[in-house]
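Contents: one structure, followed by commentary.
Values quoted throughout were computed directly from the atomic coordinates according to the rules given, and no laboratory measurement underlies them. Quantities reported herein were computed from a predicted structural model and do not represent experimental measurements. Here the Cβ positions follow ideal geometry from the backbone for every residue, glycine too, while neighbour counts run over all protein chains shown.
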Amino acid sequence: MISEFLVYLRLGFEHITDVGGYDHLLFVAALTATDLGRFRRLFWLVTAFTVGHSITLALATLDLVRVDTSLVEILIPVTILVTSAVNAFWWGFGKRPESPEDSSPEEPVESETRVRYLLAVAFGLIHGLGFSTFLRAALGWEENVFLPLLSFNIGLEIGQLAIVAVLSLVAFLLIRGLGLTRRAWVLGVSAITGGMALVLLLQRIQFPT
């Protein structure tokens, strides 16, 4: 049982951190870009994403929900684009500190915080459908899926927190070390994630010939 738990824990961790399937990495980067350094908020934000994708991951793995895989592959970059656009809206037009010495942004307005958690849960539902394709293939003819589901989800959560830790370190070095403003960090990350998501979306859309 312990060995099985560790196997699926590792699969979950490796799947979310795999640079070859970087769409999930892009979403985590866009989702957490505005809160790097606020570790309690980051933890709950990542956990909200985990709650969302755990629901659909379980339902799809148990074959209680079926969604066309090609549609899910299209929707995933859409979630990244929307999240990046939300970041750009609040940090491009909202009043934020610009001084390198004042590297901590003012507290987000309540509506921004609510929307960010809503995005984490709602878009987590879509990403969970994507995770389920990988997990179903890994399970094969496994009869008892509870333990694999649990350990795979825990592996995903640990992997997400590891990604956020690396991004936080990079942000700290750029903001504290090079004097980059928080606004520049958020808008820069959002531009990169949004641009890469747009490329992914165009690649996955089947245009009529």
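Among LEU62, LEU36, LEU45, which one shows the biggest mean-square fluctuation in a GNM of the chain, springs joining Cα atoms closer than 10 Å? Answer for the Gaussian network model of the chain: LEU62. Evaluated over the Cα positions of the range 127-209, the convex hull gives a direction-averaged projected area, one quarter of its surface, of 8.5 nm².
Taking other Cβ atoms within 10 Å as a rough exposure proxy, GLU112, GLU4 sort from fewest to most as GLU4, GLU112.
Using the count of nearby Cβ atoms within 10 Å as a rough guide to exposure, how do TYR22, TYR117, TYR8 rank from fewest to most? List each step's numbers first, then the result.
On the way: TYR22 14, TYR117 17, TYR8 23.
Least to most surrounded, the residues fall as TYR22, TYR117, TYR8.
With only the Cα atoms considered, the chain has a convex hull volume of 131 Å³ per residue.
Note on the chain: GNM, Cα springs under 10 Å; of SER190, SER151, SER54, the largest mean-square fluctuation is that of SER151.
In deg cm²/dmol, rounded to 500, what helix-only [θ] at 222 nm does the chain give when every DSSP H run of at least 4 residues adds -39500 (n - 2.57) and the total is split over its residues? After summing the helix terms and dividing by the residues of the chain, the value is -25500 deg cm²/dmol.
How would SER132, SER168, SER70 line up from fewest to most surrounding beta-carbon atoms within 10 angstrom? Let's see the in-between values first.
Numbers: SER132 27, SER168 17, SER70 11.
Placing the least packed residue first, the sequence is SER70, SER168, SER132.
Based on DSSP H assignment, which helices of the chain show an axial Cα extent of at least 30 Å together with a mean Kyte-Doolittle hydropathy greater than or equal to -0.5? Walk me through the numbers before you get to the answer.
Working: long enough: 39-61 (31 Å, 1.08); 69-93 (36 Å, 1.46); 110-139 (42 Å, 0.74); 146-172 (39 Å, 1.93); 182-204 (33 Å, 0.99).
Those that clear 30 Å and a mean of -0.5 are 39-61, 69-93, 110-139, 146-172, 182-204.
State the Cα centre-to-centre distance between the range 39-62 and the range 141-209 in whole Å. Cα centroid of the range 39-62 versus Cα centroid of the range 141-209: 14 Å apart.
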